[in-house]
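Reading through the structure tokens given below for one structure.
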Protein chains: 2
Amino acid sequence: MDKKISDKVINRLTLYHCILTDFIDKNIEYISSKQIAELLHIDDSQVRKDINLLNNSGKSRIGYIVKELKISIEKTLGFKKTKKALIIGAGNLGTAIANYGNFTDYGLQILSIFDNDKNKIGRTINGMEIQDIYELPTSALKEEIDIAILTVPAKYAQSTADFLVNAHIKYIWNFTPTVLSVPNNVQVWNENLMGNFLQFTYNI
Amino acid sequence: MDKKISDKVINRLTLYHCILTDFIDKNIEYISSKQIAELLHIDDSQVRKDINLLNNSGKSRIGYIVKELKISIEKTLGFKKTKKALIIGAGNLGTAIANYGNFTDYGLQILSIFDNDKNKIGRTINGMEIQDIYELPTSALKEEIDIAILTVPAKYAQSTADFLVNAHIKYIWNFTPTVLSVPNNVQVWNENLMGNFLQFTYNI
């Protein structure tokens, strides 16, 4: 697949992937575009169009073959290409992400979690020991990690981002409600919860 | 404003709003589209185009007036129209959301948090007492709440959604990695973390 897939399509494909995983758990072999469309309250034709972007061979007269469609999505979206990340901030949000469960299915491997709170360092979350943030630069270098998941309180977001940039982190998944100032060679993905909420509720 | 604003624009406007809030904290009076564009690593002309969608009168020769631009965004996106919500699940994610801080600035008022764990019920998070989930239907009706923020473990997501539908909840902000099956009169916004991650890392 060399075709560039748009953000909206990637988003829908991961939702289809959730549905397919659920169907496999329930031992269901076939799925129709209509079933997917109904679960997501979207149009049938949209689902077919999205699936046509995949190199999906698993289509039969009675629907898509669940297992093969799942594999097609994984191949197209690069789930098998493992991306290593670390979490900064062992508060509730960092802990929730560390425990989120199905990230590894999507190729995201969280290797470690860091904090600067002496009371937290040494404790364990989902099998990972919370490490001192000052160990981060060495650890990131050794493990070749270039993705950081930022979950510190908003007031420490920029100073922590500066620290991450100095530690040669190249991608910051920003869960803080802050716009970070970083050099052009660093990419930030703002997990903009309020933006999402406003999109959702704009018409209420 | 009757013009329909696209999801991408809403998302960017909330990020501009974050930047403006930060500028106000720093007592900076004016901001240029270039300054916003540089912080977000996007194009200058995009910022101007977005701002042109607002009824923004606060433009001077030396830039936009920070306070007025902030108010224009709030008016356009309806921040002042308070939306009442409740959280289901007092785990790490529910707790993180209850403590997130700046939601009220955006018109989201979280009134209560529910769980079914007897060990959690009665404890307090950010001034809210964790209530028994079986109190939810009465409470939602009394407080006229129709938005539920779902943060329960994935395996309980569908049964909890069924419960919410029966309690006449009309909007579910779904933080579980599950596609929920709900009637057509109920809207679900999937906070699809893995979809976002894959968009972010697609080109890594």
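The values are calculated or read from the model by the stated rules, or taken from the named source; none is laboratory data. Values in this document were obtained by computation on a predicted structure and should not be read as measured data. So basically every Cβ, Gly included, is an ideal-geometry build from the backbone, and we count neighbours across all protein chains shown. When the accessible area is computed, the model is the full protein with side chains, heavy atoms only, and any ligands, DNA or RNA have been set aside. Shrake-Rupley method; radii C 1.70, N 1.55, O 1.52, S 1.80 Å.
What is the mean number of Cβ atoms from other protein chains located within 10 Å of the Cβ atom of each residue in peptide B:8-20, rounded to a whole number?
Taking all residues of B:8-20 together, the mean is 5.
Between A:Arg61 and B:Asn27, what FRET efficiency comes out of the Förster formula 1/(1 + (r/R0)^6) with R0 = 41 Å and r the beta carbon distance, rounded to 0.05?
So the FRET efficiency works out to roughly 0.05.
Summing -39500 (n - 2.57) over the DSSP H runs of n ≥ 4 in the protein assembly as shown and dividing by its residue number, what mean residue ellipticity at 222 nm do you reach, to the nearest 500 deg cm²/dmol?
-11500 deg cm²/dmol
B plus A alone minus the pair: what accessible area, both sides summed, probe 1.4 Å, in Å² to 100?
Buried area between the two chains comes out at roughly 6000 Å².
Identify all aspartates and glutamates with a Cα-Cα distance to A:Lys81 below 19 Å; exclude those on the same chain that are fewer than 8 residues away in sequence.
A:Asp2, A:Asp7, A:Glu68, A:Asp105, A:Glu143, A:Glu144, A:Asp146
How big is Rg to Rh over region A:117-204, alpha-carbon atoms, Rh as the Kirkwood inverse-mean-distance radius?
1.04
Quote the accessible area belonging to A:Met194 in square angstrom, nearest 10, computed with a 1.4 Å probe and with ligands, DNA and RNA left uncounted.
10
Helix B:66-77 versus the longest principal axis of chain B: what angle, 0 to 90°, nearest 10, using Cα atoms?
50
Out of all DSSP beta bridges in chain B, what portion is antiparallel? Express it as a percent rounded to 5.
20
Given R₀ = 35 Å, FRET efficiency for A:Leu111-B:Asn11 by Cβ-Cβ distance, to 0.05?
In this case the efficiency is close to 0.75.
What's the carbon and sulfur percent of region A:34-141's accessible surface, probe 1.4 angstrom, rounded to a whole number?
C and S fraction of accessible area: 46 percent.
Tell me, what is the per residue accessible area of region A:62-118 in Å², probe radius 1.4 Å?
Solvent-accessible surface per residue comes out at 39 Å².
Using a 1.4 Å probe on the heavy atoms of the protein chains only, list every residue of region B:160-179 that has 40 Å² or more less accessible area in the complete assembly than in its chain alone.
Those residues are B:Tyr171, B:Trp173, B:Pro177, B:Val179.
Count the net charge of all other residues whose Cβ sits under 9 Å from the Cβ of A:Ser112, scoring Lys and Arg as +1 and Asp and Glu as -1.
Value of the local net charge: -3.
Counting only other residues whose beta carbon sits under 12 Å from that of B:Asn56, what net charge do I get with K and R as +1, D and E as -1?
The answer is +2.
Remind me, relative contact order of region A:78-204 in percent, using alpha carbon pairs under 8 angstrom and six or more residues apart?
21
Roughly how crowded by other chains is peptide B:98-111, in terms of the mean Cβ count from those chains within 10 Å of each of its Cβ atoms?
That average works out to 3.
Calculate log10 I(q)/I(0) of the protein assembly as shown for q = 0.07, 0.11, 0.13 Å⁻¹, where I(q) comes from the Debye formula with a single equal point scatterer on each Cα and nothing for solvent.
Log-scaled intensity ratios, in q order: -0.34, -0.90, -1.27.
Helix B:7-25 versus the longest principal axis of chain B: what is the Cα-based angle in degrees, 0 to 90, to the nearest 10?
70
Specify the residue with the greatest mean-square fluctuation among B:His41, B:His168, B:His17, computed from a Gaussian network of chain B linking alpha-carbon atoms under 10 Å apart.
Most flexible of the set in this elastic network: B:His41.
Which residue is it, in chain A, that holds its beta carbon closest to the axis of the A-onto-B rotation, and how many whole angstrom away?
A:Asn92, 2
Between copies, how far does the label point of A:Asn166 sit from its twins, in nm, shortest first, when each point is 7 Å from Cα along Cα→Cβ?
Those separations, rounded to one decimal, come out as 5.6 nm.
I want to verify a result. In a Gaussian network model of chain A, Cα cutoff 10 Å, which of these has the top mean-square fluctuation: A:Ile24, A:Ile125, A:Ile169?
Looking only at A:Ile24, A:Ile125, A:Ile169, the largest GNM fluctuation is found for A:Ile24.
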